[in-house]
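The values are calculated or read from the model by the stated rules, or taken from the named source; none is laboratory data. Here the structure is a predicted model, which is why all the values come from computation and not from measurement. FYI the Cβ positions are ideal-geometry reconstructions off the backbone, even for glycines, and counts take in every protein chain you see. Heavy atoms of the whole protein, side chains included, go into the accessibility calculation; ligands, DNA and RNA do not. Shrake-Rupley method; radii C 1.70, N 1.55, O 1.52, S 1.80 Å.
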Amino acid sequence: MTFTKEDVLYFAEFAHIGVDEADQQLFAPQLEELVQFTNVLREIDTEGVAPMTHGLQRVNVMREDEPNNVLSRDEMLSTVEEKADGMIVVPNTF
Amino acid sequence: MTIMNQTAAQLRQALQAGDVTVQEVVAASFERLEKVDPQIQAFITVTKEEAMKRAEELDALDASARGPLFGLPIAVKDNIVTKGVKTTCASRMLENFIPVYDATVMNKLEEAGAVMIGKVNMDEFAMGSTTTTSYFFETKNPWDVTKVPGGSSGGSAAAVAAGIAPFALGSDTGGSIRQPAAFCGIVGMKPTYGRVSRLGLVAFASSLDQIGPMTRTVEDNAMLLQAIAGEDMYDASSAAEDVPNFSEKIGQSIEGLKIAVPKEFLGEGVAADVKASVEAAIEQLKELGATVEEVSLPHAKYASEVYYVIASAEASSNFSRYDGIRYGHRAEGVENLSELYRQSRKEGFGEEVKKRLLFGTYALSAKHHEPLYVQAQKVRRLIAEELASVFESYDVIVGPTAATTAYGLDEKQEGLTAYMNDVLTIPANLAGLPAMSVPCGLSEGLPVGLQLIGKHFDEATLYQVAAAYEEKTSLYEQLQALSGGANA
């Protein structure tokens, strides 16, 4: 199994991580190594084995739907660099 | 004995008796920090003013209002959120991030009367085992400043080993508390998954991450775990399990306790000196009355592969929050939203992080999701079941914590050795079992760590065995005497 520079670009687009030519050169062999390393898993017999999804099996943990201990807007924005009207200011990117 | 050469238990006694004030203890901590940290660089942020102010407040408290960790200094790994204090995860992405709330463990430490002295260095976003992937600087091993302290909780381990604080908090996803504890000659515990709240622990792999105590002695370790453990309504993955007295069995004989040593843990790839040290420790455990038998964990050899798939996949999901919008690094000069995301993440993340996020994305992609990611989860269950089966007949599993002692800052572990490191520590994370490292000797001046793995929620038995071993070998005193550079 290979991992080409095009593959790097493809998955980087998915992950919204910008990659330039140098990055593609850098990551292709590293990812190829990882892919080949983990490939052995595909061959292991796991017939009848359920996937283990959690470190501890707890069923949906619920509480009463009552708001409590909510941070005020001012508190939430207290360490934001640029804010206005109770919102975080972001660049106009549309 | 100087203040900072005392254990947390000794300090607590001295503080309660009024032999020393909190301000004196905290001042001594900073004095040591200022003297030693320039050489080891464990600290990213030092909170001297806040700490001294808090020390003053604590000294004014009525004796009846003192918590169990009254006046004790603690260093906190920089992936644990601290209100008003920069929390960087040693990444450019969060270089200037100041949280607006405290992690649950921080609230518990505050209630217990502990004093945070600063935030310590780590591998970027906890991805690594040397602390060299930190965006800021490398931390050095106090035993030999040309060597790594281990990782990713390298700063935590170094701060304790260098006598700057008797307590540190680390986090462990694939060995990140235990391995640096082993490399730095201290005690590190990764509790049972769910034992300690993850609210405020910056998420790496949510089904594996745990915060845990790092200290110089077993008694201190149990004391710190006692203060931070417990179900948390803000962490739905935290366990409903009652918190027992973790120190209760410390001092009890381990006569008749059944110990299992997986043959895979002492195989090829483990350095001869480590093997010898661990085998000697196992002999000590036999002399203390435990029975020791060899077992096998056939699927443990896949721990590394399983870990890389699962941890990277979970990380790729968790890290989508770093979008440059609400917090964290935001790229400048971009023309559209897509570019804002891409540039912010390109600039904000280091190489190791990007590599794992890309791999995680690959593992979760449509074509590979079932045959790789879900498959890894199945193998995870096989590994967990094999461990569970061992615990049907045994109380504790024992082996080395790491395949070698600390290596050079410029060295890279490869091949079988790197592999063995993963095989040793990762199974406990996959199965959610408690696991700790205690020092078991020195090899060429560098500490060796003995790992103990226990049944779910049975940290108390791990402390029992570790304490019995620690007492019999007087290893803590030996290490204190020998640590020379570490505690000079």
*Using r as the Cβ-Cβ distance of residue A:61 and residue B:385, and R0 as 30 Å, what FRET efficiency do you calculate, to the nearest 0.05?*
0.75
_About the Cα centre, and with charges only on the beta carbon of Lys, Arg (+1) and Asp, Glu (-1), how big is the dipole of chain B? Nearest 20 debye, please._
960 debye
*Estimated FRET transfer efficiency (residue B:339, residue A:39; beta-carbon r; R0 30 Å; 0.05)*: 0.30
_Reciprocal mean inverse distance between Cα atoms of the range B:261-404 - Kirkwood radius, Å_ = 18.6 Å
_For the full complex of protein chains and a 1.4 angstrom probe, list B:263, B:53 by accessible area with the highest value first._
B:53, B:263
*What number in nm² do you get for chain B if you take the convex hull of its Cα atoms and divide its surface by four?*
21.8 nm²
*So for B:234, B:362, what's the accessible-area order with a 1.4 Å probe, most first?*
B:234, B:362
_Give the average, rounded to an integer, of partner chain Cβ atoms located within 10 angstrom of each Cβ in A:63-71._
1
*asked:* Please report, in whole Å³, the volume per residue of the convex hull around the C-alpha atoms of the protein assembly as shown.
replied: 157 Å³
_Connecting C-alpha atoms closer than 10 Å in a GNM of chain A, tell me which of A:67, A:29, A:51 has the biggest fluctuation._
A:67
_Suppose R0 equals 35 Å. What FRET efficiency, 1/(1 + (r/R0)^6) with r the Cβ-Cβ distance, do residue B:95 and residue B:31 give to the nearest 0.05?_
0.75
*For residue B:441, list long-range residues whose amide hydrogen, built 1.01 Å from N in the peptide plane, is under 5 Å from its own amide hydrogen.*
B:448
_Inter-site label distance for residue B:57 and residue B:411 at 7 Å from Cα along Cβ, in nm_ = 4.6 nm
*When the dipole is taken about the Cα centre of the range B:1-121, and only Lys, Arg (+1) and Asp, Glu (-1) are charged at their Cβ, what size is it in debye, to the nearest 20?*
400 debye
*With a point put 7 Å past each Cα toward its Cβ, work out how far residue A:70 is from residue B:418 in nm, to one decimal.*
4.9 nm
*Taking a cut-off of 15 Å between Cα atoms, list the aspartates and glutamates near residue B:346, but don't count ones fewer than 8 places away on the same chain.*
A:13, A:20, A:21, A:23, B:95, B:124, B:323, B:332
_Given axes a ≥ b ≥ c from the Cα gyration tensor, I'd like to know whether chain A is rounded (a/c under 1.5), prolate (a/b larger than b/c) or oblate._
oblate
_Long-range HN-HN contacts of residue B:292 with modeled amide H, under 5 Å_ = B:259
*Quick one: what are the phi-derived ³J(HN,Hα) couplings along the range B:409-418, Karplus 6.51/-1.76/1.60 with θ = phi - 60°, whole Hz, x for glycine and proline?*
4, 9, 7, 10, 6, 9, x, 4, 5, 4
*Under the Karplus relation 6.51 cos²θ - 1.76 cosθ + 1.60, θ = phi - 60°, what is the ordered set of whole-Hz ³J(HN,Hα) values for the range B:310-315, x standing for Gly and Pro?*
5, 5, 5, 5, 5, 4
_Candidate aspartates and glutamates - alpha carbon under 13 Å from residue B:53, same-chain residues fewer than 8 apart omitted_ = B:24
*asked:* Please give the charge dipole size of the range B:246-351, origin at the Cα centre, charges +1 on K and R Cβ atoms and -1 on D and E Cβ atoms. Round to the nearest 20 debye.
replied: 380 debye
*Within the range B:348-387: backbone nitrogen closer than 13 Å to the residue A:32 label point (7 Å, Cα to C-beta)*: none
*In nm, give the distance between the simple-model label positions of residue B:369 and residue A:80, each being 7 Å from the Cα along the Cα-to-Cβ direction.*
3.3 nm
